[in-house]
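Heads up: the structure comes next, in structure tokens.
We did not get these values from a lab; they are worked out from the coordinates using the rules stated. For clarity, every value in this text was computed on a predicted model and none was experimentally measured. As a convention, Cβ positions derive from the backbone with ideal geometry for all residues, glycine included, and neighbour counts pool all protein chains shown.
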Amino acid sequence: MDKLITHSPILIIAIPLLAAFLTLLIGRISEKARNVLVVVSLVFVEFLVIVLARDIYANGIHIYTLGASSPTLTIPEQYMVPVRIILQVDAMSIFMGIIAATVSLAAAIYSLSFMKEETGQDSFYTLLLLLVAGMLGMVFTGDLFNLFVFLEIAAISGAGLAAFRIRFADTAEGGFKYLVISSAAALVVLFSVGIFYAQYNLLNIAALAQVIQYTMLDKVALALLVIAFAMKLGSVPLHMWVPDTYAAAPASITAMLLVSSQICMYALFRTCFSLYGVTLNTATVGWIVIILGMLSMFVGATMAVLQTDVKRLIAYNCICESGYILLAVGVGLAVLGHPEALTTYGIAAMSGGIFHMINHALFEGLLFLAAGVLFYRAGTRNLNEMGGLAHNMKLTSILFLLGALASSGIPPFNGFASKLLIYESVYQFNPILAIIGIIVSIITLAVFVKAFFSAFTGQVLPKYKDVREAPKLMMLSMIILSIIIVFFGLFPGLIVDWLAHPAANALINQAEYINAVVGG
Amino acid sequence: MTQGIPFNVPFLAVAALIGIAFYIILSQRNLIKLVMGLSILASGVNLFLVTLGYREGGVAPIYTHAPIERMVLPVPQALTLTSIVIAVATLALMLSLIIRIYRHTGSIDSEESRTMKG
Amino acid sequence: MMSKIVRTMSNILILFVFVYGLYIIMHGHLTPGGGFQGGAIVASGVALLLVAFGSHNLHKSLKERHLSILESGGGLIFIGLAFGGLATIFFYNFLVGSPIFGHIPPSGPNPGDIWTGGVIPFMNLAVGLKVLAGFSAILLVMALASSRKEVEE
């Protein structure tokens, strides 16, 4: 078991890769064997992530050097800097790993039923496993160029999956927009990596953090990285691709693309906190992140009011909720240089923002899966054409209502706990921001009330008289997510102490991050 | 061969390529031209990576039958190679999606082929 | 479908292109080249065949189903070799010191010895197979999708 824990960082990334290449071969022989392979590999990845998480919370950061004679041999003899690709898993990385593994497992089980009548399913599951490998690789790596490579892997697989159902007219456009934006953002990241290598001759994040000085070129690199990751995570003003891509993709893939955007948010935080740390001008950069968050919240909530397509509505809500996370962690970044403000409300703001990340992934995932059931049974995404579907689809309507209430911050669901933590701490930083946050939350509630009443309640339209309930596998994946939502809502203190607080501390503690690679 | 040009010229070429590429991406409506703009951006960034590794009087970093000891940096060349591979895969996928958009909407103009508004 | 001279010459030239591509793949640890570059050269040979014979004629002998199997095989060899060293660590070069590709090269400028490298030549071969199968499949499918018969339908 100890050997499994030592090797688990690379096993978590390599097993989806191995399963992806095997799926293409096994899919030709038998369909059932391929489905079993996909689900078994994702369950194994989830098991390894949970085992590794328990070990990290007990024992600290895990290091894995690929190709050395021992996993922790980062600097061999006669070398003065770390060599080889080094995977570095701290509490924040494993937190994002838990999100990615859980949502991917739910999405894969959902896809077994949703994509049953499509052709070319072998390629679908191959791309899905490659997307999982790309996402997990991005969070576990401690090397900047490796981050770029896994970012591109996730982007290409995500675009291929978003454009998968080629019989519809809008899917190719959604996938194309996603690919153009991701490609441009990744090239800007590569330019910044080039700037870092030209100055310091290093690619490892921990080694760079030790020697970085805030020269003019470093400021240019920081600006480029912030722009690139803001493009990828769908914050205003670079959010144009989000509604089109999230609406066109199959429902389970939208949930995974959402987690992929959150992982790009994690990459933004990793550069601001662990790579630059206190050497950068935290007040300025923190306020830039806060302003990005405020714009996203406002534009997301107000544009969601005007939508008639249910998935576009939920996509604008996604933009709004990621604005909350940017606001909370931006407050933490702005007070990074002031120790007393940090302990009073900075760490609480960051814990709230990080807790909101997992809540966001869960309830938005549940909403997208429920909207996918509507599309699968009723054949339309337009709210004007739907009506009275709750009579036949009772469980789906309850789950949609659960997701909607969690998103608006109504107790006892998980959105309330994280939003309360964010409001309390942001109010101590600047009261106006917290008040705008509360107003936006009320607008979100209004939007979802409109959506729920328009789709589910009212008279049963004659063409929907005999729609059936969702298939069993889709029900299973939605129920998994909803159980976790209710559990997080009833015991938020447990989750904040066990998951969110260590992650916030791991981001702030740059010295420990550097020492794990360079000091030992 | 490198005595004649001042050493700044490749970096100016990088700036020109990236500037032209961003102008194309932001202003052109034809989807094929947009993809070409992305390709020029990739060329600019790859040229930047190769140029930053140059050392005065160095040869290619290959030990097999190497003429002298002073070599240029090999790591940026590995980064450039990976970036070229990724750019090719992205280009193939983008062109396939353009073929699909043309089949559905009959035009490759980005304004006329929009199906989702608002 | 081009004239008889072009078709005959491309039938002969594809062999030279294939051999040159394999040379670049296998000597990747000594001279410039490696998996991706050699695979791209072989794929350009397939592009030569595509131009000479036309996509529909080429599709009768070279189908993308078989190329897909070759591509998956290449990927599996790469990941399998990476897992092979898992007794010590992932990606461990377990063939250094063994009789297969196991010589240790001297440092500094040297005439290249092809039996060095350990696992690297096999990984070059795996990547080369994957790239040549992938590029050829892309070229073939895109040529089929935009050929005159398809567009007229």
TODO: Between beta-carbons, use under 12 Å as the cut-off and find the net charge around A:Pro9, counting Lys and Arg +1, Asp and Glu -1.
DONE: -2
TODO: Treating only the Cβ atoms of Lys and Arg (+1) and Asp and Glu (-1) as charged, compute the dipole magnitude of the protein assembly as shown about its Cα centre; round to the nearest 20 debye.
DONE: 1760 debye
- [ ] Within 10 Å of each Cβ in peptide C:70-77, how many partner chain Cβ atoms are there on average? Round it to a whole number, please.
- [x] 4
Task: Length released on extending from A:Ile435 to A:Ser69, taking residue separation times 0.36 nm less the Cα-Cα span - done: 126.2 nm
Open item on the list: Using Cα springs under 10 Å in a Gaussian network model of chain C, which residue among C:Gly85, C:Gly134, C:Gly117 shows the largest mean-square fluctuation?
Closed with: C:Gly85
Open item on the list: Report for the protein assembly as shown the percent antiparallel among DSSP-assigned beta bridges with both residues inside it, nearest 5.
Closed with: 75 percent
Task: 0 to 90° range, to nearest 10: angle between helix A:414-429 axis and chain A longest Cα axis - done: 50 degrees
Open item on the list: With the crude spin-label approximation of a point 7 Å out along Cα→Cβ, what separation in nm comes out for C:Ile114 versus C:Val96?
Closed with: 2.3 nm
Task: chain C, Cα convex hull volume normalised per residue, Å³ - done: 128 Å³
Open item on the list: Cross-link candidates for A:Lys463: which lysines have Cα within less than 20 Å, leaving aside residues fewer than 8 places away along the same chain?
Closed with: A:Lys394
Task: Counted charge near A:Tyr266, where neighbours are those whose Cβ lies closer than 13 Å (Asp, Glu -1; Lys, Arg +1) - done: +1
Task: Dipole in debye (nearest 20) - the stretch A:231-388, about Cα centre, beta carbon charges: Lys, Arg +1; Asp, Glu -1 - done: 220 debye
Task: Per-peptide average of other Cβ atoms within 10 Å, ordering A:12-24, C:102-114, A:57-69, A:151-163 highest first - done: A:151-163, A:12-24, A:57-69, C:102-114
Task: Total formal charge among the other residues, if their Cβ is under 15 angstrom from that of A:Ala248, Lys/Arg +1 and Asp/Glu -1 - done: +4
Open item on the list: If packing is taken as the average number of other Cβ atoms within 10 Å across a peptide's residues, how do C:87-96, C:123-132, B:63-72 rank, most packed first?
Closed with: C:123-132, C:87-96, B:63-72
Task: Mean ellipticity per residue at 222 nm, deg cm²/dmol - from DSSP H runs of n ≥ 4 across chain B, formula -39500 (n - 2.57) - done: -21000 deg cm²/dmol
- [ ] Would you look at the GNM of chain B, springs on alpha carbons closer than 10 Å, and say which of B:Ala60, B:Ala42, B:Ala13 moves the most?
- [x] B:Ala60
Task: Anisotropy class of the protein assembly as shown from Cα gyration tensor, a/c 1.5 cut - done: oblate
Open item on the list: Only counting other Cβ atoms within 10 Å, I'd like B:Phe48, A:Phe363, A:Phe273, A:Phe487 sorted with the fewest neighbours first.
Closed with: A:Phe487, B:Phe48, A:Phe273, A:Phe363
Task: Acute angle (nearest 10 degrees) that the helix C:35-53 long axis makes with the longest principal axis of chain C, alpha-carbon atoms - done: 20 degrees
Open item on the list: Given the options C:Ser61, A:Ala406, C:Ser98, identify the residue whose Cα lies farthest towards the positive end of the charge dipole of the protein assembly as shown (+1 on Cβ of Lys, Arg; -1 on Cβ of Asp, Glu).
Closed with: C:Ser61
Open item on the list: Helix-only mean residue ellipticity at 222 nm, chain A, DSSP H runs n ≥ 4 weighted -39,500 (n - 2.57), per residue, nearest 500. What is it?
Closed with: -24500 deg cm²/dmol
Task: Lys, Arg +1 and Asp, Glu -1 on Cβ, resulting dipole of the stretch C:4-152 about Cα centre, debye, nearest 20 - done: 500 debye
Task: Residue-averaged beta-carbon neighbours from other chains (10 angstrom radius) around A:186-199 - done: 5
Task: Relative packing of peptides A:317-329, B:15-27, A:256-268 - highest average C-beta neighbours within 10 Å first - done: A:317-329, A:256-268, B:15-27
Task: Degrees between helix A:2-29 axis and first principal axis of chain A (Cα, 0 to 90, nearest 10) - done: 40 degrees
